[in-house]
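What follows draws every value from the coordinates through simple rules; no lab data is involved. Keep in mind it's a predicted model, so treat the numbers as computed, not measured. When we count neighbours, we look across all protein chains shown, and the Cβ atoms used for this are built from the backbone with ideal geometry, even at glycine.
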Amino acid sequence: MLKMETNVITKELLFGPIDFKSLLADPDFKEDSVREVIILPILRGLGYLQSNIVRSKTLEHPYLNLGSNKKIPIKLIPDYILKVEGNYAWVLEAKSPDKHLTDTELIEQVYCYSSHPEIRSTYFALCNGNEFILYRRESTSEPILRFQIEEIEYYWDKLKMYLSPDSFQLGKNIVYERTV
């Protein structure tokens, strides 16, 4: 977990002295680099511990039927599933910097993970090292949060409000009293 003297986050606190322009222009900076250099510091900054970060979990999906006798098993493997109080809270998919996160196929891919019966998360996100986009599963037409990673400090409070472990209501009992 990222410890800070103040409540103010900066990109330097999260990532160290990174030159984003040269980093993203590097042809060797691919999806695995996005995971290590960009995503992991964000997850730690949000308050996720190693035990709450599930990487590359294989999700069983119903078979694809080809003809009457051919069933092809389909396996889904999201990059990250984040857990809160033992439950899956949200899904994050890493992409290489050359991928456009608004590509419908990419959005559908992560939506599929978040709506899978083993997951059923409210939120799903994509990050390509340059940009971070967050969706609410019930409303995929427009993201609820979208920003350039280089400007993360201006969006940090909103990101934390949606995705920090403390933002989820799991395990809490809420009782509504009738006033009528």
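A few points about this structure:
- Unsatisfied cross-links (Cα-Cα over 19 Å) in the set LYS21/LYS99; LYS30/LYS158; LYS99/LYS158; LYS11/LYS83: LYS30/LYS158; LYS99/LYS158; LYS11/LYS83
- Peptides 9-18, 116-125 ordered by packing proxy, namely the average of other Cβ atoms within 10 Å per residue, highest first: 116-125, 9-18.
- Backbone N under 11 Å from the GLU108 label point (7 Å along Cα→Cβ), restricted to the range 115-156: none
- Protection proxy ranking of 93-99, 145-151 - average other beta-carbon atoms within 10 Å, highest first: 93-99, 145-151
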